[in-house]
Amino acid sequence: MFDAFALLPPTGWWQSPLDDLENIKICSVSGDLSTPNCPAISSLESKSIHGGIPCRYHKKIHTTPDQSYQVDASCYPQEDMQHLKWFTLPPRMAYYYRSEHPEWKPIPPIHPNCQQLTSNQAVMRLIYPQAPRRILVPRNMDGSWSRTVFELAHQRPATKVYWHIDDRFIGATETFHAMELFPEPGDHVLTLVDADGNRLTQKFTIQQQELEE
Ligand SMILES: [Zn+2]
């Protein structure tokens, strides 16, 4: 087919609508306009068909050498960091993409030592619990154990956030990101993943507190 095109006269009967076309860079994975973090291909086409939306799926991240945690210079030695361009996906898209691309890895969680330090640029920030902590759960007047309210601040509150405790899906929040939960006594990990694939993990320990005699 390409050989056949080569035989055609270089100018002549086919006119491309050049006014509308630009040589633009497209993300080779998502097909959106490329950002500096995307593997890009050049393509002569109309910008309008992409709606001018830059790729949201490639992000530049810094990780530990084994790529298991995201870190930054304020909480991790810079010379040990890896600088990577990571292909991220919202959870539902990730679910389908993974079945076709088993080699794909979700973006690593933020290193426990870096949670506060990255909060300036972090999309999500936990209001409670803010750090690995022991949460004392008192008894209510009726003898039942009280619940604990976990709360998150999101840069774009309308973004949907999916809550997990110990890798078990608990529920989703939108706009007002708070959850009243009743985890069992012991150690837990809270994992929050938003619709854009941003991820936040926080360890905590639940301890039931008997009433003073
Ligand atoms: Zn991209």
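Throughout, read-outs are computed from the coordinates displayed, never taken from laboratory work. Model, not experiment: these values are computed from the prediction. Reconstructed Cβ throughout: ideal geometry from the backbone, glycine too, with neighbour counts over all protein chains shown.
Before moving on, here are some points about what is shown:
- If the segment from ARG139 to GLU100 were pulled out straight at 0.36 nm per residue, it would be longer than the present Cα-Cα gap by 9.1 nm.
- Potential lengthening of the chain between ASP66 and GLU210 amounts to 47.6 nm, from the contour at 0.36 nm per residue minus the alpha-carbon distance.
- Panel order for ASP142, ASP32, by other beta carbons found within 10 Å of each beta carbon, from fewest to most: ASP142, ASP32.
- Taking MET93, MET141, MET81 and counting other C-beta atoms within 10 Å, the order from fewest to most: MET141, MET93, MET81
- For a straight C-alpha distance cut-off of 30 angstrom, the lysines reachable from LYS203 (same-chain residues fewer than eight places away being disregarded) are LYS59, LYS60, LYS85, LYS105, LYS160.
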